[in-house]
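Asks: Got a structure here, written out as structure tokens. Questions coming.
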Number of protein chains: 2
Amino acid sequence: MSIRTDAPTRREQILKAAARLFAERGFHGVGVDEIGAAVGISGPGLYRHFAGKDAMLAELLVGISERLLSGGRLRVAESGDDPDALLASLIDGHIDFALDDRPLITLHDRELDRLRESDRKLVRQLQRQYAELWVTAVRRLHPAVEEAEVRAAVHAVFGLLNSTPHLGSQDDGRPERAMTETLLRKLAHGAFGALAPQD
Amino acid sequence: MSIRTDAPTRREQILKAAARLFAERGFHGVGVDEIGAAVGISGPGLYRHFAGKDAMLAELLVGISERLLSGGRLRVAESGDDPDALLASLIDGHIDFALDDRPLITLHDRELDRLRESDRKLVRQLQRQYAELWVTAVRRLHPAVEEAEVRAAVHAVFGLLNSTPHLGSQDDGRPERAMTETLLRKLAHGAFGALAPQD
DNA sequence: CCTTCAGGTTAACGATCGCTAACAGGCTTG
DNA sequence: CAAGCCTGTTAGCGATCGTTAACCTGAAGG
């Protein structure tokens, strides 16, 4: 958990602005001039940093997917052999991500089809591997439940956790955020808990 | 629950096709020529039925919101005074809707900002009223939980139920659908059940 | 049988889009 | 100090978009 202190590069400024704009108005709903204006340069100036508008979206989506997967793998490695602790850790990590990067969460399942075939396949593969981490973890807790059902449940819980953008408008102070975090954690555990057969 | 037997009007054909295309590629990602082609006419022919592309999206979003709200109100009225039965009924109704109209579910929280101010306000108001039905129902079951928390939980469960489009590609036979229905019901009840304080 | 009209067609418009070309200023570096 | 790159600018091209205009056709109705 290292914290960045140096100033963001121009590339990073652009990516952040593009993520916000794409999430707000959709990939096709945002022009390159607006993205440029959001970082204080004009539209064509962006082409000094990216090959095109598509490349910005691709880098955003590949980036999120990679960060999610590597974070998940780290948690799997750190969890020892405690399945409960692993699932809790995956949930907490996903919540942190959803609360920290709301625009990216929105893009993640909304603009995937706007990518070139190769990028789209890559992102989907990363997403699938991330989801498989969850499926494996949940199956260790509920071995009697069919794998297909667990997989569907995992995606449904993703939907629950990714509902963050639809809640509070932006970031109200920290107490609000801690409350949301606690709530989402409770709901996610409750949902998975309901997977157990006859209780 | 009456079943339509008469053929769909051209307007309805167009709306259905537009819903699917908008959900697949985004409002700005679909041209009027494509919508027309999907129903066997050419682009400008659509203007005999709709004032413009915006009007199609508006009618779709207002229509969904109204159907959701009226369906919810019906269930409230039918539930007698049984809070458990009411919540179960709301959940079942929402699941049916999500499974029957996947493209509309996708549009519902994705393209709202592409509407004219007046339509957007109307849709948001309908959505809010629908969500309030849920909040009231859940609060009757968990009176000790703060209203803001219940409201956030309701939206999170919407996210869970609306994850349907991300599951199976299209409609595989009916057994698959019944399984998904059962699973989502279980997960939603589990999530709300976790709202109860100290258990 | 003639009129009307609903529901299509194609052509073409203005606007906007992503992107390239051509150029310019300011650091860095040999 | 000159050369060259890094990062920006403006002008403008070609494509595409939503929409309108003008025209056509078949069926209904008096």
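Laboratory data are not the source of any read-out in this text; all were calculated from the coordinates shown. Because the structure is a prediction, the values reported are computed rather than measured. Positions of Cβ are backbone-derived with ideal geometry, glycine not excepted, and every protein chain shown enters the neighbour counts.
Asks: Any residue at all in the stretch A:65-72 that's within 27 Å of B:Arg110 (Cα to Cα), within 12 Å of DNA strand C (Cβ to nearest atom) and away from every other protein chain (no Cβ under 14 Å)?
Replies: No, the stretch A:65-72 contains no residue that is within 27 Å of B:Arg110 (Cα to Cα), within 12 Å of DNA strand C (Cβ to nearest atom) and away from every other protein chain (no Cβ under 14 Å).
Asks: Report whether or not A:Gly26 is on the phi > 0 side of the Ramachandran plot and more than 10 Å from DNA strand C (Cβ to nearest atom).
Replies: Details: on the phi > 0 side of the Ramachandran plot: yes; more than 10 Å from DNA strand C (Cβ to nearest atom): yes.
When the stated conditions are applied, A:Gly26 passes them.
Asks: Among residues belonging to the stretch A:32-45 that are in contact with a helix residue (DSSP H, G or I) (Cβ under 7 Å, 6 or more places away or on another chain) and under 27 Å from A:Ala98 (Cα atoms), point out the one that is nearest to DNA strand C (Cβ to nearest atom).
Replies: Filtering the stretch A:32-45 for residues in contact with a helix residue (DSSP H, G or I) (Cβ under 7 Å, 6 or more places away or on another chain) gives A:32-36, A:38-39, A:42-43, A:45.
Among the residues that remain, those that are also under 27 Å from A:Ala98 (Cα atoms) are: A:32, A:34-36, A:38-39.
Details: A:Val32: 4, A:Glu34: 8, A:Ile35: 8, A:Gly36: 10, A:Ala38: 13, A:Val39: 15 Å.
In this case the residue turns out to be A:Val32.
Asks: Here's something else I'd like to know. Going through the stretch A:57-76 one residue at a time, which ones are within 20 Å of A:Ala7 (Cα to Cα) and crowded, with 19+ Cβ neighbours inside 10 Å?
Replies: Residue satisfying the conditions is A:Leu60 alone.
Asks: Going by what's in this entry, would B:Ala196 be described as away from every other protein chain (no Cβ under 13 Å), assigned to a loop (DSSP other than H, G, I, E, B) and small (Gly, Ala, Ser)?
Replies: The answer is no for B:Ala196.
Asks: Being at the interface with chain A (Cβ under 10 Å from one of its Cβ atoms), free of Cβ contacts under 8 Å to residues at least 60 places away in the same chain and either of a type in the set (D, E, K, R) or assigned to a helix (DSSP H, G or I) (or both) is the filter here, so list the residues in the stretch B:25-36 that pass it.
Replies: Those that are at the interface with chain A (Cβ under 10 Å from one of its Cβ atoms), free of Cβ contacts under 8 Å to residues at least 60 places away in the same chain and either of a type in the set (D, E, K, R) or assigned to a helix (DSSP H, G or I) (or both): B:Arg25, B:Gly29.
Asks: Does B:Ala7 fit the bill of being away from every other protein chain (no Cβ under 14 Å), within 13 Å of DNA strand C (Cβ to nearest atom) and under 29 Å from A:Arg110 (Cβ atoms)? Lay out the reasoning, then the answer.
Replies: On the way: away from every other protein chain (no Cβ under 14 Å): yes; within 13 Å of DNA strand C (Cβ to nearest atom): yes; under 29 Å from A:Arg110 (Cβ atoms): no.
Taking the combined requirement at face value, the residue does not satisfy it.
Asks: Let me ask you something else. For the stretch B:92-121, how many residues are under 12 Å from the mean Cα position of the chain (by Cα), within 12 Å of another protein chain (Cβ to nearest Cβ) and not polar (S, T, N, Q)?
Replies: Going residue by residue through the stretch B:92-121, those that are under 12 Å from the mean Cα position of the chain (by Cα) are B:93-110.
Applying the additional criterion that residues be within 12 Å of another protein chain (Cβ to nearest Cβ) yields B:95, B:98, B:105-110.
Pick out the ones that are also not polar (S, T, N, Q) and you get B:95, B:98, B:105, B:107-110.
Here the count works out to 7.
Asks: Let me ask something else. Considering A:Val154, A:Val150, A:Val145, which residue is of a type outside the set (S, T, N, Q), under 18 Å from the mean Cα position of the chain (by Cα) and more than 9 Å from every other protein chain (Cβ to nearest Cβ)?
Replies: Numbers: A:Val150 fails: under 18 Å from the mean Cα position of the chain (by Cα); A:Val145 fails: under 18 Å from the mean Cα position of the chain (by Cα).
Only one candidate qualifies: A:Val154.
Yes or no, residue by residue, for (1) part of a helix (DSSP H, G or I); (2) out of contact with any helix residue (DSSP H, G or I) (no Cβ under 6 Å at 6 or more places or on another chain); (3) among the small types (Gly, Ala, Ser):
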{"position": "A:Ser89", "(1), (2), (3)": "yes, no, yes"}
{"position": "A:Pro103", "(1), (2), (3)": "yes, no, no"}
{"position": "A:Thr106", "(1), (2), (3)": "yes, no, no"}
{"position": "A:Lys121", "(1), (2), (3)": "yes, yes, no"}
{"position": "A:Leu126", "(1), (2), (3)": "yes, no, no"}
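Asks: Is there any pair with a first residue in the stretch A:46-60 that is near DNA strand C (Cβ under 8 Å from one of its atoms) and a second that is basic (Lys, Arg) whose Cβ atoms are under 7 Å apart and which are 6 or more apart or on different chains, and what are they?
Replies: Here the result reads A:Asp54/A:Arg116, each pair linking the stretch A:46-60 to a residue that is basic (Lys, Arg).
Asks: Just the residues that are under 17 Å from B:Ala19 (Cβ atoms), assigned to a helix (DSSP H, G or I) and either more than 6 Å from DNA strand D (Cβ to nearest atom) or touching a Gly at 6+ places or on another chain (Cβ under 6 Å) (or both), please, taken from the stretch B:42-58. Don't jump to the end; show me each part of the working.
Replies: Here is the first cut: in the stretch B:42-58, the ones under 17 Å from B:Ala19 (Cβ atoms) are B:46, B:49-50, B:52-58.
Of the ones still in play, those that are also assigned to a helix (DSSP H, G or I) are B:46, B:53-58.
The answer is B:Leu46, B:Ala55, B:Met56, B:Leu57, B:Ala58.
Asks: Quick check on A:Thr180: is it hydroxyl-bearing (Ser, Thr, Tyr) and more than 9 Å from chain B (Cβ to nearest Cβ)? Before the answer, list the steps.
Replies: Working: hydroxyl-bearing (Ser, Thr, Tyr): yes; more than 9 Å from chain B (Cβ to nearest Cβ): no.
Answer is no for this residue.
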